[in-house]
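Have a look at the structure below before the remarks.
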């Protein structure tokens with residue numbers, strides 16, 4: 001008998017018919033002899049409707065009472081799923097964040113889970129009930145309702161799976177799984193059967209968008225095996241598992257890209273200790289996330305520093321950096337709003353030489369000019385002209401033979 | 001500094017504007033130096049919307065998961081009221097039933113309050129905050145959400161007022177207070193400034209509809225002074241207080257009527273011990289509420305038994321009673337669907353002779369025939385033809401001089 005956590009997002013519970021579908025899947029899993037916990041989000045659109053009510057009343061930042069308000073969305077979902085299960089003759093029980101109980105800090109709207117006391121869940125599972133848990137919500141030490149922020153229901157599901165030592169945490173979504181690249185760009189993109197946590201993290205943060213990075217981090221930390229699959233059919237999706245379970249995987253697992261990228265270059269920066277920090281600190285203070293940072297070897301006591309920021313934050317980034325550059329007596333500041341980042345990710349590249357060279361060759365053969373290069377242990381990223389994104393992604397997908405099943 | 005509980009029903013929080021109005025009233029009360037607890041219902045229509053969703057999913061009777069679902073209605077209201085208060089610069093905090101905590105039995109959909117641990121409320125009041133409590137909901141010993149059934153928010157407010165020893169529990173409604181009779185029937189009906197609990201109970205159960213009998217019972221038991229008033233203006237409404245606070249009140253306080261009445265007569269019932277019980281037991285078993293019961297003195301070993309039932313339950317009552325009458329060898333069963341009950345209520349009639357006679361004279365002078373009479377310590381009721389209801393109520397209101405301020 002396996003213990004399985006099933007997580008259904010807002011689009012998977014967006015109507016009464018879809019709620020019945022969730023109940024059907026959970027019941028089928030229970031019927032196969034498994035112990036089943038279902039974690040659900042608010043019905044699609046509900047959270048926005050509730051936030052709209054709040055905005056009519058007040059102009060305040062997100063805090064305690066907003067969480068009281070929006071957490072009703074998941075509460076409605078769990079009640080309806082439990083009712084649908086019971087209507088189908090399956091014993092079920094809903095549990096809210098404070099009933100589970102999922103204890104978080106008190107950072108309303110972006111709370112972090114601290115502990116889960118899953119004894120109420122385990123008790124119900126032992127009675128043979130399906131437990132339907134409200135995603136996205138928890139309770140702080142004072143007993144106030146908290147919410148976890150974007151992707152919160154994934155987090156709830158993964159943390160719950162860790163707490164009850166589940167065999168797998170199934171993430172139901174509107175895609176079939178995780179692909180070797182964006183199928184909209186690469187027609188030959190292939191569903192990945194198994195992918196390691198670290199690889200998934202690199203793909204998630206690069207914009208694969210199926211799983212939030214925070215959920216993958218928690219899954220990795222607690223060794224929770226994830227199964228990303230479609231809520232619309234019973235076919236297998238993609239498993240996200242500990243690296244050691246992906247025996248002899250392919251060198252490159254996937255090709256990601258991020259169009260929301262802009263490049264800034266500050267010329268003739270003094271090559272003194274602490275200068276880079278002084279230059280970039282204003283960006284951090286403005287809440288702007290700096291991604292790729294390149295500093296070339298200095299010549300004549302000066303160097304050029306280039307970095308990327310999200311395209312939609314380019315203007316505020318420029319305002320901050322120009323001030324800093326003047327203060328430091330640096331040279332001109334130039335920028336390009338129309339760049340993109342393409343990345344190849346694969347745990348196998350750790351032990352394999354020539355992966356980077358293959359990337360540069362493929363881009364060169366496709367006529368794509370590389371503007372910046374940055375590498376990590378399992379990822380190589382190149383900043384290129386935005387207009388070449390699709391061409392580059394297709395060329396890389398082809399070059400690493402990703403359309404074919406791995407040997 | 002007084003402690004005041006303010007209760008606002010669904011029509012008083014039915015829109016964002018009305019929610020702002022609730023916040024304004026609570027803030028004004030706080031500004032006058034009072035400690036303020038606000039109890040609110042779900043926005044008008046919300047509970048029915050949620051029950052509609054449940055009905056789409058299932059066909060089950062009211063139970064645990066329905067309470068999880070419908071209790072979100074009050075949760076949305078308390079969050080919005082707290083936000084509106086904070087937007088107006090007033091410190092406020094919402095509390096759900098389980099946070100207060102309001103402990104009930106586990107009869108979902110019609111739970112009874114067992115205890116209230118108001119320490120969280122008192123703590124917040126001592127910080128100077130307005131506490132906004134979700135009406136209608138509680139939590140059972142296992143931590144499951146429960147709801148209190150019809151009129152539940154009034155109950156929550158009165159029980160909360162008892163728990164924190166409030167000076168008054170204000171019930172905001174869409175009428176100005178409690179009237180000497182239905183103003184739609186009696187143009188001269190006058191708002192009652194003060195009325196005793198027992199009188200209010202008799203008026204409530206007779207269909208005055210402003211306050212549910214259960215709330216008045218709890219208020220009486222715990223000595224909670226009620227103030228029934230309009231949510232649309234600041235004028236005083238009606239106080240419902242311990243009998244001893246209504247010094248030398250009028251003999252008759254109000255005239256009530258109930259059109260939802262039908263009469264059944266069973267002729268020639270054997271006058272033996274236990275026969276009345278045998279006759280009426282099937283009605284109790286069918287859940288039919290028998291109101292007035294009259295049995296005349298027997299002659300020749302037989303008697304006629306008459307009683308009233310709600311008009312909309314007449315058919316099922318007849319089916320039950322005809323079977324019982326046959327079994328007992330009684331005579332014919334006759335019925336009249338078109339009767340009404342008019343009642344005069346007043347604590348003063350305890351010590352005053354001639355009140356009943358005045359009633360019969362007034363009805364006689366108006367040409368209204370009395371079919372049945374029943375009396376309690378503070379109430380006299382007559383069953384009359386339904387068509388004469390308005391005539392009778394006006395005649396009684398006039399006869400007891402209720403349009404004039406009491407001396």
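Since every read-out is calculated from the coordinates, none of them should be taken as a lab result. This is a predicted model, so every value here is computed, not measured. Cβ atoms come from the backbone with ideal geometry, glycine included; neighbour counts cover every protein chain shown.
Data overview
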quantity	calculated
Cα-based helix-to-principal-axis angle, A:46-57 vs chain A, degrees rounded to 10	80
Difference of contour (0.36 nm per residue) and Cα-Cα distance, residue A:2 to residue A:260	88.7 nm
Normalised contact order of chain B, rounded percent, pairs of Cα under 8 Å and 6 or more residues apart	13
Per-copy distances of the residue B:332 label point, shortest first, in nm (7 angstrom along Cα→Cβ)	11.3
Other copies of residue B:114: label-to-label distances in nm, shortest first, labels 7 Å along the beta-carbon direction	2.9
Pseudo-label separations to other copies for residue B:387 - Cα-to-Cβ vector, 7 Å, nm	9.2
Overall Cα dimensions of region B:3-174, principal axis frame, Å, largest first	50, 33, 24
For region B:117-188: rounded, prolate or oblate by the Cα gyration tensor [a/c cutoff 1.5]	oblate
Mean projected area in nm² (Cα convex hull; one quarter of hull surface) for region A:1-89	6.3
Ranking of B:173, B:261 by count of other Cβ atoms within 10 Å, fewest first	B:173, B:261
Counting all C-alpha pairs of region A:255-399, share separated by more than 26 Å (%)	30
Per-residue Cβ neighbour rank within 10 angstrom, fewest leading, A:307, A:360	A:360, A:307
Selected from A:193, A:27, A:324 as most flexible by GNM, with chain A as the system and alpha-carbon contacts under 10 Å	A:324
Residues of region A:142-182 with amide N under 13 Å of the 7 Å Cα→Cβ point at residue A:115	A:142
5 Å-binned pair-distance histogram of region A:162-219 (Cα, whole percent)	4, 16, 27, 27, 15, 7, 2, 1
Distance between modelled label sites at residue A:398 and residue B:32, nm, 7 Å Cα→Cβ extension	8.1
Spread of Cα-to-Cα distances over 10 Å intervals beginning at zero, given as percent, for the protein assembly as shown	2, 11, 16, 17, 16, 13, 9, 6, 5, 3, 1, 0, 0, 0
Most fluctuating residue given options B:97, B:14, B:254, as computed from a GNM of chain B linking Cα atoms under 10 Å	B:14
Projected label distance in nm at residue B:405 and residue A:236, using a 7 Å step from Cα toward the beta-carbon	8.7
Residue among B:180, B:146, B:303 with the largest mean-square fluctuation in a Gaussian network model of chain B, springs linking Cα atoms under 10 Å	B:303
Where rotation carries A onto B, the chain A residue whose Cβ is nearest that axis, in whole Å	A:72, 2
Region A:270-320, relative contact order in percent, only Cα pairs under 8 angstrom and at least six apart counted	36
Ascending count of other beta-carbon atoms within 10 Å, so fewest first, for A:83, B:402	B:402, A:83
Value of [θ]222 nm, deg cm²/dmol, for the protein assembly as shown, DSSP H segments ≥ 4, -39500 (n - 2.57) each, nearest 500	-10500 deg cm²/dmol
Shielding by other protein chains, B:75-81, mean Cβ within 10 Å	6
Residue B:277-residue A:315 pseudo-label distance in nm [points 7 Å out on the Cα-to-Cβ vector]	8.6
Of all DSSP beta bridges in chain A, antiparallel share, percent nearest 5	60
Overall Cα dimensions of chain B, principal axis frame, Å, largest first	77, 56, 32
Relative contact order, percent, region A:255-399 [alpha-carbon distance under 8 Å, six or more residues apart]	30
